[in-house]
Every structure is written in C-alpha cells, then in structure tokens.
Amino acid sequence: MIGQKNMRQLALAMVLYSAGGALATEPDAVTTRKRLLSAASESSNWLHHHGTYNAHHFSTLSEINRFNVGELKVAWTFAIGGTEGGGIHPSAGLEATPLVEDGFMYAIDGWGVVTKLDVREGRGEFVWRMDPGTDKDWAGEVACCGVNNRGVALWDKLVLSHTLDGRLVATAKDSGENVWERQIGAPERGETITVAPLIVKDMAITGVSGGEFGIRGWLEATDLNSGERRWRRYTIAAPDEPGGDTWVDDHEAYKTGGGGTWVTGSYDGELDLIYWGVGNPGPDWDRHYRPGDNLFSNSTIAVDPDTGEIKFHFQYTPNDPFDYDGVNEHVLVDTLYKNQAQKMMLHADRNGFLYALNRVDGSFIYATPYVKRINWTSGIDPVTGRPLDYDPEAKIQNYAGVASARGKLKSDLICPGLMGGKNWMPMAYNPERGMLYIPVNESCNSTTTSPVDDDSKSIPREWFTAGGMHNPERFSGSLVAIDVSQGKMTMRIDTKYPILSGVLATAGDLVFTATPDGDVVAYDAENLKELWRFPTGSGLNAPMITYAVEEKQYIAISVGLGGTMPKWWIEAVPGLENVNPSAMIFTFSL
Amino acid sequence: MIAQQKRLPVRTRIIISLCVVLVSSTIHAEPNARLGKSIYKKANCVGCHKWHGGGGGSYGGLALSLRVTPLSREALILVVRCGRPGTNMPYHVRQIYKGADRECYGSNSASLGDATPPRARYFLRDRDIEAVVDYVRNNIQGRGAPNYGDCVAFWGEEATRCKHMAQSKLNGERKRK
C-alpha cells in the first residue's frame with residue numbers, strides 16, 4: 001500500500017514565476033461541482049479532459065463554421081518545453097488535452113510539467129510553470145508507449161495532475177505552488193500513470209498504466225480535501241472477489257493479470273455512476289497461462305463513486321489473445337433507438353466494433369463494425385453482445401482461429417491489429433446531428449507467443465507480454481461517421497496514417513482532427529468534405545479543444561510527436577521517422 | 001663532413017611503433033565507448049534488447065538475449081547492418097536490401113519478400129555500428145544475470161532503479177539470515 005507518507009525524498013523541483021501586476025488582481029476561478037456537472041453550458045470553457053462528463057468532445061461554439069473555416073489562421077503559439085527523454089525513450093511525447101477556464105489555459109507536457117497561460121488578450125501570456133520533478137529514468141524505463149501525460153483536471157482552486165512516476169499532484173491555481181501530492185502508482189512494480197484525472201464530487205479518480213509489465217490494475221479515488229486515499233478498486237478479480245471465478249488457473253495468474261485503466265472515464269451525475277474502461281489481461285499473448293474469461297479485463301465497469309464498488313460490467317473480448325484493451329472512453333448519449341428512448345454509452349472498442357450499451361444496467365443494445373477489416377470473429381451476437389466466435393464452454397478462446405498457437409509460431413494476420421480499430425484518441429458526438437465521428441486505425445498484425453512457464457513469475461519492471469508481434473503491412477487510417485440512432489456507419493474517408501489525435505465536433509457543423517505527420521484538418525460534419533488544413537510541422541498526437549474569450553472562438557491543440565508507432569513500428573508508418581518532437585501549443589482563430 | 005644520424009635498433013623501433021598504436025587506440029576507445037552506449041539508447045536497441053541486453057518480449061517483438069549470444073563481432077556487425085530475415089530485427093543501413101550486390105545473406109528484398117527485415121527508424125553509419133557492437137561485446141555479451149554493477153554502469157549510481165536493486169538484494173539477504 002502506498003500512502004501519503006511515502007512522499008518523495010527529494011524536494012520538488014518547482015519553479016514559481018510571479019504573474020504580472022494586472023493578472024494578480026483577477027479573482028481566482030473556482031471549479032465547483034455544479035460547474036463540472038453543467039460544463040456543456042460554459043461554451044467558452046473546456047473544464048474537463050473530455051470537455052464534459054459525457055465525453056461528447058462537442059462545443060456549441062459556432063463563430064467558426066463550415067462557411068468560414070477556410071479563413072482559419074494561427075492566432076498564437078507557445079512553447080511549453082519538455083521534450084527531453086528518459087528511460088527507453090529518447091524524447092518525450094505530447095498527448096495532452098489543454099483545459100481552459102475563464103481565460104486561463106492549463107497545458108501539461110509528457111513529464112507532467114504544468115504551464116498556466118493567460119489567454120484573455122488574444123495570445124498566450126505565461127503565468128506560472130509547475131515542475132513536479134518526475135524521476136525520468138525510473139518511470140521512462142517502464143513506459144511501454146512513450147513519455148506521455150494526457151492532461152490535468154480542475155477542482156475548486158486546484159489543478160490536479162499525474163506524473164509518469166505514479167503521483168497525483170495538487171497545485172494552487174493562483175500561485176502554481178504545490179499544495180499536496182501522493183504516491184499512488186508503484187513504478188517498482190512496473191506501474192506508471194499517464195491518464196488525466198477525473199473529478200467526481202470531491203474526489204480525483206486515478207487510473208494506472210502497465211498492462212505489459214505484469215501489473216494488477218486498479219482505479220483509485222483520492223479525497224481532494226485531505227489528499228488521502230478514499231478507495232482502491234482492483235480491476236482484476238481475486239479468487240474471493242466477484243469475477244474471481246473467471247481466473248481458473250492454479251498459479252495465481254490474477255496477481256499479474258493486467259487490467260490497466262489508462263483512459264479517463266465518464267460520469268453520469270443523475271445515475272451517480274462512473275464508467276471506466278479496463279485494459280488487456282496479462283501476459284498479452286499467452287492466454288493459455290490465464291484460462292478463463294479474465295474479468296474485468298477488456299470490460300467497461302460501472303463504479304459507485306462513493307465506494308468504488310463495481311455495480312455492473314460488460315466485457316468485450318474475454319480471454320483476450322489479441323491485446324484488445326477495453327480502455328476506450330464512453331460517450332454518454334440519450335437518444336431513440338428503434339423507437340425506444342435509450343440512455344446509451346457508446347464505446348469504440350479496440351476489437352473493431354462500436355458498442356452501444358445501456359448505461360443504467362450495462363445491457364447490450366447494438367454493435368457495428370467501424371474498421372474495414374475484422375477477422376478474429378465473424379460478428380457480435382445481437383442479443384448477448386458476445387463475439388459470435390466466443391465459446392462459453394471453453395476456458396481458452398480461439399475465436400475465428402487466427403490467434404497464435406502456444407510456442408513461437410507466428411500467427412495468421414489478425415485484424416484489427418493490437419493498436420485496435422481505435423486507440424485512446426477520443427471520438428466526438430454531435431448531438432444536433434446525432435452523429436458520432438471516430439478516429440480510426442486501419443491495421444493488422446501477426447503475433448508470436450513465447451509461453452510463460454506455469455512455475456515462473458513475472459519479474460517486476462520487466463515486460464510480461466509472453467511474446468511479440470510483427471507488422472507485415474502498412475497501417476493507414478480513416479475518419480468514420482456513425483448515425484447513432486440507427487447504429488450504422490454512414491460515411492468513411494481514408495487517411496494516409498492512422499489518426500492519432502482525437503476528434504472535436506462543433507455546432508459550426510465542423511469536425512476537426514489532426515494527422516500524425518502534423519496537419520490540423522477541418523471537415524464538413526454533414527459530408528466529411530475537407531474544408532481546411534494547416535501544417536504545423538511536428539507530430540500531432542493530442543486531442544484538440546475549442547474555447548472562447550469575449551465570444552471570439554479559438555481552436556487549440558498540443559503540438560508534438562508522441563505515441564508508440566514511430567518507436568516500435570516505423571516499417572508500418574514510414575515517413576513518421578522524419579517527424580520531430582516538439583512541445584508547443586498552437587491556437588487558431590478567424 | 002656530414003654527420004651521420006644513428007638509426008635506432010630494429011627492436012626499439014618495433015617497440016616504439018607498438019606503443020604508438022596502443023596509445024592511439026586507447027585515445028579512440030574512450031569516445032567510441034560513449035558513442036556505443038549512446039547508439040544503444042538512441043537506436044532503440046534498449047527498447048527491444050532492454051538495458052541489460054537480456055532481450056525478451058516487448059512491443060518491438062521477441063528480442064534475442066545479447067548476454068548469452070555466441071555471435072562473433074563480425075556476425076553482430078552483419079546483424080546490425082542487415083537485420084535478421086523473418087524477425088523484427090531491423091536493418092540499419094539505408095537501401096541495403098535494394099542493392100544488386102546482395103551483401104545481406106546473399107539476398108535482397110525481391111528474393112526475401114515478406115521475410116525482408118523491417119527498416120530501423122534511424123539508419124547508422126559504419127562507425128556507429130562498430131561502436132554499438134563493441135559496446136555490447138564489452139558490457140553485455142557473456143555476462144550472467146544483470147547485477148548492481150551493470151545497473152550503475154548503464155543508469156548511473158544515483159538512479160532509483162539501482163538503489164532499488166541494491167535495497168532488494170539487501171532485503172533478500174536479511175530474509176535469508
């Protein structure tokens with residue numbers, strides 16, 4: 001157990017810059033529970049990582065619209081720094097979604113350095129920088145997929161942020177001084193933290209990364225008044241816990257069962273439920289080591305915020321052979337489906353299917369493919385929501401027979417590949433159109449299993465994947481539109497690379513996204529016709545936001561190369577080796 | 001009369017020549033060791049083969065253990081230059097599978113097809129390849145399980161990982177007593 005007592009030995013490397021005189025007279029914004037619940041009505045702000053608790057990534061701002069977006073230009077830029085490397089990564093990535101509250105922007109780099117900017121005067125004016133002094137090699141050695149931090153959260157007068165080396169840090173909005181911090185993740189066990197915190201009531205919810213390092217995943221709630229743990233919920237069930245009977249081995253595989261929680265969840269304030277996605281079981285490619293459905297890996301869990309109890313769940317890919325993390329976000333939508341009002345949660349799973357589930361009880365509504373190629377199953381059962389090739393009697397799932405055999409034999413080509421049809425990059429929902437826009441990876445790979453002996457255990461801080469994978473084909477991408485009340489894809493456009501940014505939808509009938517080789521792009525929400533493009537000259541691996549100052553609308557994005565593909569699989573994404581890291585904020589306006 | 005220069009005895013001249021070679025190779029060895037370790041990190045050898053060279057699984061694939069491999073210096077240079085067909089070990093010399101001279105295992109991409117190794121993210125110069133191979137041979141190859149000394153040599157004495165390793169060993173010894 002790691003508590004607040006386990007504070008860092010070294011003093012925090014914190015640099016405090018005093019604000020200019022004019023700024024110091026402005027009152028501090030207070031992020032109340034009410035504001036967070038009604039964030040959609042504050043169209044000039046972006047108060048949550050996902051924009052709102054329902055993760056629509058949609059703004060009602062419409063000054064920028066499909067008729068004038070061709071005139072969009074750079075408004076201002078700001079270098080936030082922080083591209084140095086650590087561990088196995090020669091440079092840090094930039095995947096963060098900035099937040100904006102009442103004219104102040106909060107950006108964060110891969111190492112967790114928070115920068116506050118005053119954006120009220122049509123430019124980014126530096127206010128303060130908070131450097132939490134992340135132990136770069138300690139964390140960077142066990143970060144599978146880059147030095148990344150996906151964003152901060154706001155509560156009351158605090159900015160909450162994580163560090164890759166496993167801490168939750170609370171910083172005062174006005175001064176940039178650390179108020180408290182606590183060690184939650186355990187890098188000595190291969191745990192790191194990249195996720196943006198979710199604020200629910202007076203708690204920050206933290207998720208963990210490390211599914212490739214033999215962790216046992218969890219969600220943890222921290223009381224924001226005291227800075228102490230409120231609850232921890234393990235996502236991999238122990239034998240005496242609900243779901244424990246889905247780990248039927250005799251060597252305690254659950255203890256290294258994976259189940260990371262590294263994408264920020266959603267929250268329904270009326271139902272008082274947190275929805276969070278759980279990652280792949282470990283070891284990734286030796287499912288024979290972990291017979292059983294492996295709950296709650298590859299599942300959506302609905303969690304009681306006050307106790308952390310899992311009220312219900314839905315599992316997408318049981319006894320996973322493919323590394324199809326179930327972590328992707330949940331877009332909460334109230335809509336009609338087959339003439340019935342439904343409280344849905346939409347989840348574009350790594351396994352290539354978009355799922356609509358009932359968020360009141362977790363029951364299945366529909367699933368539809370959103371990628372071009374799926375070969376691991378012939379479809380999803382329209383009643384149960386299980387893969388059609390799932391065998392309820394079997395403890396080891398072979399699905400449609402493409403999974404690797406045990407023992408260093410290369411499998412057939414598996415589609416989608418392990419990056420999934422969609423990875424962590426968020427999709428966007430336009431409630432006025434009832435359309436969901438998904439950033440898609442079109443990729444396949446084969447896998448090779450190197451079995452784990454039943455007697456051997458995972459070594460802390462060593463990879464525990466039991467094998468590797470091979471990319472015989474290039475990856476590409478697409479942007480897909482789904483009519484949610486029909487449950488059908490209506491549009492798809494192809495892109496050269498997988499889309500590694502998120503999607504932003506606006507009431508200006510626009511859909512914004514970005515390419516890994518540096519272009520920010522605006523599409524017509526009605527027909528996905530490209531309307532505007534700007535080359536930033538660096539990688540784009542972060543979702544964009546929109547905000548306003550005195551009714552002038554801005555689009556903002558963190559600009560910098562990040563993610564896994566250029567490091568491990570350059571043969572699948574040739575050309576990205578020519579994209580360099582950077583750490584800038586770019587904003588655009590008319 | 002022009003004075004005649006005395007020539008040094010042959011044996012002395014040989015000894016002096018050998019000393020010059022020894023000194024100059026020592027001068028070159030120091031920057032090459034640093035270069036080798038730097039290449040090991042930047043070229044992502046550390047990603048797949050790990051800091052200790054023991055290999056295993058990762059998102060790069062299943063990597064060979066450089067600690068136990070019996071490959072000679074020449075063979076290691078060849079593998080870094082050309083990758084290994086049918087595996088994820090990439091080639092590090094631009095266009096090496098396109099040439100007509102088939103210097104890689106007598107093959108080119110036409111003859112290997114899908115078994116052609118993937119390309120590395122960054123291509124390396126001959127000097128870089130020799131430096132990283134020498135780094136592996138001098139610091140990794142033929143050693144047993146990675147120990148505290150290996151950790152310090154790679155990460156530095158102040159590294160949390162090495163302090164953690166030392167503490168774990170201490171705890172293990174305390175438990176055994």
TODO: Considering each residue of the stretch A:169-189, count those that are within 14 Å of chain B (Cβ to nearest Cβ) and either closer than 18 Å to residue A:232 by Cα or out of contact with any helix residue (DSSP H, G or I) (no Cβ under 7 Å at 6 or more places or on another chain) (or both), and give that number.
DONE: 5
Task: Candidates A:461, A:474 - the one that is within 14 Å of chain B (Cβ to nearest Cβ) and more than 27 Å from residue A:414 (Cα to Cα) - done: A:461
Task: Residue under evaluation residue B:131, criteria (1) more than 10 Å from chain A (Cβ to nearest Cβ); (2) on the phi > 0 side of the Ramachandran plot, criterion not met - done: (2)
TODO: Within the stretch A:148-192, work out how many residues are within 15 Å of the chain's Cα centre (by Cα), of a type in the set (A, V, I, L, M, F, W, C) and under 20 Å from residue B:164 (Cβ atoms).
DONE: 1
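The rows are residues; the columns are (1) more than 14 Å from chain B (Cβ to nearest Cβ); (2) crowded, with 24+ Cβ neighbours inside 10 Å; (3) part of a strand (DSSP E or B); (4) not aliphatic (A, V, I, L, M).
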position: A:48; (1), (2), (3), (4): yes, yes, no, yes
position: A:76; (1), (2), (3), (4): yes, no, yes, yes
position: A:85; (1), (2), (3), (4): no, no, yes, yes
position: A:120; (1), (2), (3), (4): yes, no, no, yes
position: A:129; (1), (2), (3), (4): yes, no, yes, yes
position: A:137; (1), (2), (3), (4): no, no, no, yes
position: A:151; (1), (2), (3), (4): yes, yes, no, yes
TODO: Mind listing just one residue for me: the one in the stretch A:398-410 that is assigned to a loop (DSSP other than H, G, I, E, B) and more than 13 Å from chain B (Cβ to nearest Cβ) and, of those, modelled with the lowest pLDDT?
DONE: A:405
Task: Pair list, Cβ < 6 Å and 6+ apart or interchain, from the stretch A:465-480 residues that are among the β-branched types (Val, Ile, Thr) to residues that are at pLDDT 95 or above and not in a loop (DSSP other than H, G, I, E, B) - done: A:480/A:438; A:480/A:440; A:480/A:489; A:480/A:492
Open item on the list: Step by step: first the residues of the stretch A:428-452, then only those that are in a loop (DSSP other than H, G, I, E, B) and within 30 Å of residue A:509 (Cα to Cα), then the one that is nearest to the other protein chains (Cβ to nearest Cβ). Which residue is that?
Closed with: A:443
- [ ] State whether one or more residues within the stretch B:109-129 are farther than 21 Å from residue B:70 by Cβ and aromatic (Phe, Trp, Tyr).
- [x] yes
Open item on the list: For the stretch A:127-184, give me each residue that is more than 15 Å from residue A:197 (Cβ to Cβ) and of a type in the set (Ser, Thr, Tyr).
Closed with: A:134, A:175
- [ ] Identify all residues within the stretch B:91-120 that are part of a loop (DSSP other than H, G, I, E, B) and within 22 Å of residue B:45 (Cα to Cα); write none if there are none.
- [x] B:92, B:93, B:94, B:95, B:96, B:97, B:105, B:116, B:117, B:118, B:120
Task: Contacts under 6 angstrom Cβ, first residue in the stretch A:362-374 being within 27 Å of residue A:339 (Cα to Cα), partner aromatic (Phe, Trp, Tyr), 6 or more apart - done: A:362/A:312; A:362/A:314; A:367/A:353; A:367/A:355; A:369/A:353
Open item on the list: Just to check your reading of the model, which residue among A:271, A:357 is in contact with a strand residue (DSSP E or B) (Cβ under 7 Å, 6 or more places away or on another chain) and of a type in the set (A, V, I, L, M)?
Closed with: A:357
Task: Filter result for residue A:262 (in contact with a Gly (Cβ under 6 Å, 6 or more places away or on another chain), closer than 22 Å to residue A:324 by Cβ and either in a strand (DSSP E or B) or of a type in the set (Lys, Arg) (or both)) - done: no
- [ ] Could you tell me whether residue B:41 is at the interface with another protein chain (Cβ under 8 Å from one of its Cβ atoms), buried (at least 18 other Cβ atoms within 10 Å of the Cβ) and at pLDDT 95 or above?
- [x] yes
Open item on the list: Contact list please: Cβ distance under 8 Å, first residue in the stretch B:51-67 and in contact (Cβ under 8 Å) with a residue 40 or more places away in the chain and more than 9 Å from chain A (Cβ to nearest Cβ), second residue part of a strand (DSSP E or B) and not charged (D, E, K, R), pairs at least six apart or on different chains.
Closed with: none
Task: Residues being buried (at least 24 other Cβ atoms within 10 Å of the Cβ) and part of a loop (DSSP other than H, G, I, E, B) - total across the stretch A:57-72 - done: 2
Open item on the list: Just the residues that are part of a loop (DSSP other than H, G, I, E, B), more than 9 Å from chain A (Cβ to nearest Cβ) and either touching an Asp or Glu at 6+ places or on another chain (Cβ under 9 Å) or farther than 21 Å from residue B:112 by Cα (or both), please, taken from the stretch B:68-88.
Closed with: B:68, B:69, B:70, B:71, B:72
Task: Top-ranked residue of the stretch A:265-314 - restricted to ones that are part of a strand (DSSP E or B) and aromatic (Phe, Trp, Tyr), ranked as surrounded by the most Cβ atoms within 10 Å (Cβ to Cβ) - done: A:276
TODO: Can you confirm whether the stretch B:44-65 contains a residue that is buried (at least 19 other Cβ atoms within 10 Å of the Cβ), modelled with pLDDT of 95 or more and over 30 Å from residue B:144 (Cα atoms)?
DONE: no
- [ ] Output the number of the condition that residue A:192 fails; it satisfies all remaining conditions of (1) crowded, with 24+ Cβ neighbours inside 10 Å; (2) hydroxyl-bearing (Ser, Thr, Tyr); (3) away from every other protein chain (no Cβ under 14 Å).
- [x] (3)
Open item on the list: So residue B:86 passes all but one of these: (1) at pLDDT below 95; (2) outside the structural domain of residue B:61 (by TED's automatic domain parsing); (3) surrounded by 11 or more Cβ atoms within 10 Å (Cβ to Cβ). Which condition number does it fail?
Closed with: (2)
Open item on the list: Quick check on this structure: which one of B:134, B:150 is crowded, with 19+ Cβ neighbours inside 10 Å and among the charged types (D, E, K, R)?
Closed with: B:150
- [ ] State the number of residues belonging to the stretch B:124-177 that are in a loop (DSSP other than H, G, I, E, B) and of a type in the set (Gly, Ala, Ser).
- [x] 5
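The values are calculated or read from the model by the stated rules, or taken from the named source; none is laboratory data. These numbers come from a predicted model, not from an experiment. Here Cβ is always computed from backbone atoms with ideal geometry, including for glycine, and neighbour counts include all displayed protein chains.
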